[in-house]
1. Every residue in the stretch 33-69 that is among the aliphatic types (A, V, I, L, M) and in a helix (DSSP H, G or I), please.
2. State all residues of the stretch 20-31 that are in contact (Cβ under 8 Å) with a residue 12 or more places away in the chain and exposed (fewer than 13 other Cβ atoms within 10 Å of the Cβ); if no residue qualifies, say none.
3. Taking the condition of being free of Cβ contacts under 8 Å to residues at least 24 places away in the same chain, of a type in the set (A, V, I, L, M, F, W, C) and surrounded by 12 or more Cβ atoms within 10 Å (Cβ to Cβ), how many residues in the stretch 34-75 meet it?
4. For a quick check of your reading of the model, give me the residue pairs whose first member lies in the stretch 116-135 and is within 21 Å of GLU153 (Cα to Cα), whose second is among the small types (Gly, Ala, Ser) and modelled with pLDDT of 80 or more, with beta-carbon atoms closer than 7 Å and at least 6 apart or on different chains.
Amino acid sequence: MKADGGPHMQSDSSTRKTCTVCREIKPLSSFGYNRRQADGLNYECKVCACARSRRFRETHPERWKTIARTAQTRWKKNNPDHYKSPIEREKAALRSKRWYQSPEGRRKRQTYDSLEEVKAARARWAEENREHLRLQKRRSVCRKYGITIEQYEDLLTSQNAVCAICGQAETVANVSGTGWALSIDHDHNCCPQARRSCGKCVRGLLCDRCNRAIGAFSDSIPLIKNALEYLSRGKQHDAD
């Protein structure tokens, strides 16, 4: 909304004011504070003030740095409670560390739950919500490889819940003592640099041992064939 009067004309409402630069009538909240003005507000709106400040900063960079340093020094002087020098901050951190290690600090920490109690509470929650945590972890892993939990379960059923290479169940146990879920194997040549698989290159489910084995061969069929021939030569030597 443009104003039709002079550059310093104000609108007839006490809640609006005319910017002297863009000549638009705007709410009072669109103007910054200026104690030199009669109404306590700046004569230009915040948008025009920012544009003018930006132009000045681009055309007079050195002068702008001087003004900024002066304003920062003045603020530090006028607000000593809100500013601490690097040395003062280091001294404050040292005092805090000393208090933390003092008898008073130890007594204060004892009013809160100890670390062992927190660990015990977390362990109890994990034991009560074991199935929820298992599904949550399974969902996260499936999302990484671009498949759903249902697709994982279908693969598991088609493989009779055993590794697709050795035909054995997972033998590696986690912290709780239960066996790990079979790992999702995919073609690394399809998604070599992506953090997630596209889902179309998933080949099957492997145990940790077989998954690490083909990973050590970099999914290279010639290398695996060379290893097979090497082992075959060793068998023939034993037979002789």
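The values are calculated or read from the model by the stated rules, or taken from the named source; none is laboratory data. Just so we're clear, the structure is a prediction, and the values are computed from it rather than from any experiment. So basically every Cβ, Gly included, is an ideal-geometry build from the backbone, and we count neighbours across all protein chains shown.
1. Hits for the stretch 33-69 are VAL47, ALA49, ALA51, ILE67, ALA68.
2. Our first condition is that a residue be in contact (Cβ under 8 Å) with a residue 12 or more places away in the chain; within the stretch 20-31, this holds for 20-28, 30-31.
Matches in the stretch 20-31: PRO27 only.
3. 6
4. LEU133/ALA126
Let's see how each residue does on (1) farther than 28 Å from GLU127 by Cα; (2) of a type in the set (Asp, Glu); (3) in a helix (DSSP H, G or I); (4) at pLDDT 85 or above:
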{"residue": "SER140", "(1), (2), (3), (4)": "no, no, yes, no"}
{"residue": "GLN151", "(1), (2), (3), (4)": "no, no, yes, yes"}
{"residue": "ALA181", "(1), (2), (3), (4)": "no, no, no, no"}
{"residue": "ILE184", "(1), (2), (3), (4)": "no, no, no, yes"}
{"residue": "HIS188", "(1), (2), (3), (4)": "yes, no, no, no"}
